[in-house]
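Enquirer: My questions all concern the structure below.
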Amino acid sequence: MTIAFTPLRPQFAAQVTGIDLRQPLDDETVARIDAAMDRYAVLVFRHQPLTQEQQIALARRFGPLDAGLRKATGAPTRFQHEELIDIGNVALDGSVAQPDNSKLIGVLANQLWHSDSTFQDLPVKYSMLSAVVVPAEGAQTQWADLRAAWEALPEKTQALVEPLVGRHSAFHSRIQLGDASYTEAQLQRFPPVDRPLVHLHAASGRKVLFPSVHIESIRGMTVPQGRLLVAELIEHATQREFVYSHEWAQGDYVMWDNRTTLHRGTRYDLSQRRDLRRTTTLERHAT
Ligand code: OGA
Ligand code: MN
């Protein structure tokens, strides 16, 4: 099969054909996917239903896996693998989660613009989602191109933002949604992590504007000023021209680079089943 990458937006996101993700990938194919990720940041594969085993084996080809927040909270999983992250509204017993299920706060927080796990002090790289069951309406996932967003910022704003550092917290998005139920012990388990608001993506040599709903404050600014600046930058970065919106079909597989994009889910009827499963890789083993 010939591998082809067809852009979905002029400079951002591409659909991949000619690769069967269920088969072990050879080194050359992995290298071609990595190169395409450096260029397009989001890659879409269609018609690739995966078993849990296949999904884990595939993800490991791109680096060590991180299990996200769950590895520290010890919350139970319905999957065979620790590293499979449950995105969607399925309860532990396999039924659709009831409205009072605490799991839904995470589902809803994912509808705010973020990059995965920036609140952990880990070199997070790709996330990869496999769609098992999708609702008939809504529930798109959207990605914003943070390199194009940086390049489109007025010079004055670039100069203001470039030296700044954002403080990322695991709880900030959830607290914004009215979930204030965290104990001091939980809060202390995930101390905030400082990250520059602008960084260089070495593989493309392009700079990245890196705002996120996980940022609770900006170093050297008052809390309200910092939050307003983050809101302004998210608004800028997520203008239509920078966004790819994915309409899911069962069997779709989408991978993205968390270092160069923001993403969010969109609203859907939570009584409809949605079963998406994610893996997330690190650039290297955490030290
Ligand atoms: C994710 C995520 C949003 C959604 O998978 O990391 O934030 O609901 N998904 O599609
Ligand atoms: Mn996410």
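Enquirer: Within the chain, how many Lys pairs sit with Cα atoms under 29 Å apart, leaving out pairs fewer than 8 places apart on the same chain?
Expert: Details: 71/103; 71/125; 103/125; 125/207; 156/207.
Going through the chain pair by pair, I get 5.
Enquirer: Per residue of segment 203-213, what does 6.51 cos²θ - 1.76 cosθ + 1.60 with θ = phi - 60° give for ³J(HN,Hα)? Whole Hz please, x for Gly and Pro, Karplus curve as stated.
Expert: With the stated coefficients, segment 203-213 comes to 5, 10, x, 9, 7, 10, 7, 10, x, 5, 5 Hz.
Enquirer: May I pose another question? Of all beta bridges DSSP finds with both residues in the chain, what is the antiparallel percent, to the nearest 5? Can you show the working numbers first?
Expert: Numbers: 47 of 50 bridges.
Restricted to the chain, the bridges split so that about 95 percent are antiparallel.
Enquirer: What do you get when you divide the Cα radius of gyration of segment 1-64 by 2.2 N^0.38 Å, with N the number of residues? Mind showing how you got there, number by number?
Expert: Values: Rg = 11.7 Å, N = 64, 2.2 N^0.38 = 10.7 Å.
Computed over Cα atoms of segment 1-64, the ratio equals 1.09.
Enquirer: If you don't mind, another one. For residue 207, what residues show an amide H to amide H distance below 5 Å, using hydrogens built from the backbone and excluding near sequence neighbours?
Expert: Here 201 satisfy the definition.
Enquirer: A further question on this structure: Any idea what Rg and Dmax come out to for segment 46-109 if you just take the C-alpha atoms, in Å?
Expert: So, for segment 46-109, Rg and Dmax equal 13.1, 38 Å respectively.
Enquirer: Would any residue of segment 118-136 have its amide N under 17 Å from a label point 7 Å out along Cα→Cβ of residue 3? List them or say none.
Expert: Those under the cut-off are 126.
Enquirer: Using +1 at the Cβ of each Lys and Arg and -1 at the Cβ of each Asp and Glu in the chain, identify which of 54, 237, 8 lies farthest towards the dipole's positive end.
Expert: Value computed over the given set: 237.
Enquirer: Quick query: amide H of residue 248 versus all other amide H atoms, modeled in the peptide plane; which residues come in under 5 Å with a sequence gap of 5 or more or a different chain?
Expert: Here the answer is 141, since their amide H atoms fall under 5 Å of that of residue 248.
Enquirer: Which ³J(HN,Hα) values in Hz, rounded to whole numbers, follow from the phi angles of segment 113-119 under the Karplus curve 6.51 cos²θ - 1.76 cosθ + 1.60, where θ = phi - 60° and Gly and Pro get x?
Expert: Running phi through 6.51 cos²θ - 1.76 cosθ + 1.60 with θ = phi - 60° gives 5, 8, 10, 5, 6, 5, 7 Hz.
Enquirer: Residue separation times 0.36 nm, minus the C-alpha to C-alpha distance between residue 30 and residue 194: what's the value?
Expert: Stretched out fully, the residue 30 to residue 194 stretch lengthens by 55.9 nm.
Enquirer: Counting pairs of Cα atoms in the chain, how many percent are more than 30 Å apart? Write out the running numbers ahead of the final one.
Expert: Values: 11500 of 41041 pairs.
Result for the distance tail: 28 percent.
Enquirer: Roughly how many debye, to the nearest 20, is the charge dipole of the chain about its Cα centre, given +1 on each Lys and Arg Cβ, -1 on each Asp and Glu Cβ, and no other charges? Before the final figure, lay out each step's value.
Expert: On the way: 31 positive and 33 negative charges, 40 e Å.
My answer is approximately 200 debye.
Enquirer: Any idea which of 256, 215, 128 is furthest toward the positive side of the dipole for segment 4-282, if Lys and Arg beta-carbons carry +1 and Asp and Glu beta-carbons -1?
Expert: The one lying farthest along the dipole's positive direction is 215.
Enquirer: Related question: Tell me, what ³J(HN,Hα) does each residue in segment 147-152 have, in order and in whole Hz, if you take phi through Karplus 6.51 cos²θ - 1.76 cosθ + 1.60 with θ = phi - 60° and put x for Gly and Pro?
Expert: Each residue's phi maps through the Karplus curve to give 7, 4, 4, 4, 5, 8 Hz.
Enquirer: Using helices alone, what [θ] at 222 nm do you get for the chain, with -39,500 (n - 2.57) per DSSP H run of 4 or more residues, divided over all residues and rounded to the nearest 500?
Expert: My calculation for the chain gives -7000 deg cm²/dmol from helical runs alone.
A short reminder: the numbers here are calculations on the coordinates, not readings from a lab. Quick caveat, the model's predicted, so the values are computed rather than measured. We place every Cβ from the backbone using ideal geometry, glycine too, and count neighbours over all the protein chains shown.
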